[in-house]
Amino acid sequence: MKDNLDNKTASQIKENATSYIENNYKSIEAIDLNEPYRGQMGSLKVDGSVNEVGFSISLNDDLSFKGISTEEGFPERKDECKDTSCDY
């Protein structure tokens, strides 16, 4: 069951997820995000698609990046962001 996050938190999650993707991946044309939610393990999550390829991002409680899972065909990481995440 998804619990409702307040609008400010949901907006910040979307902003951070968008910024992370734009700053760490190549050839981003379109980012579509669903409503953020708290996952079963308690982390903040948002699902969506980049260039029509699906992904799910997890964030820590301070809204910093935790992890991302992507479907096949997701854009490649920028060379400078392969070993460690770039700032976002």
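Only residues that are over 16 Å from Asp62 (Cα atoms) and touching a strand residue (DSSP E or B) at 6+ places or on another chain (Cβ under 8 Å) were counted across the stretch 19-28, and they come to 6.
Scanning the stretch 35-44 for residues that are open to solvent by 50 Å² or more (accessible area, probe 1.4 Å) and within 13 Å of Asn4 (Cα to Cα) turns up Glu35, Arg38.
For every residue, the table says whether it meets (1) of a type outside the set (Gly, Ala, Ser); (2) touching a helix residue (DSSP H, G or I) at 6+ places or on another chain (Cβ under 9 Å); (3) open to solvent by less than 30 Å² (accessible area, probe 1.4 Å).
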residue	(1), (2), (3)
Glu22	yes, no, no
Ser27	no, no, no
Gly54	no, no, yes
Ile68	yes, yes, no
Arg77	yes, yes, no
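Among the residues of the stretch 28-69, those that are within 15 Å of Tyr88 (Cα to Cα) and of a type in the set (S, T, N, Q) comprise Ser58, Asn60, Ser64. Sort out which residues of the stretch 29-88 are in a loop (DSSP other than H, G, I, E, B) and among the charged types (D, E, K, R), and write them in order of number. Passing the criteria: Glu29, Glu35, Glu52, Asp61, Asp62, Glu71, Glu72, Glu76, Lys78, Lys82, Asp83, Asp87.
The values are calculated or read from the model by the stated rules, or taken from the named source; none is laboratory data. None of these values were measured; they are calculated from a predicted model. Positions of Cβ are generated from backbone atoms using ideal geometry, with glycine treated the same way; all protein chains shown enter the neighbour counts. Note: areas computed on protein heavy atoms with side chains; ligands, DNA, RNA excluded. Shrake-Rupley method; radii C 1.70, N 1.55, O 1.52, S 1.80 Å.
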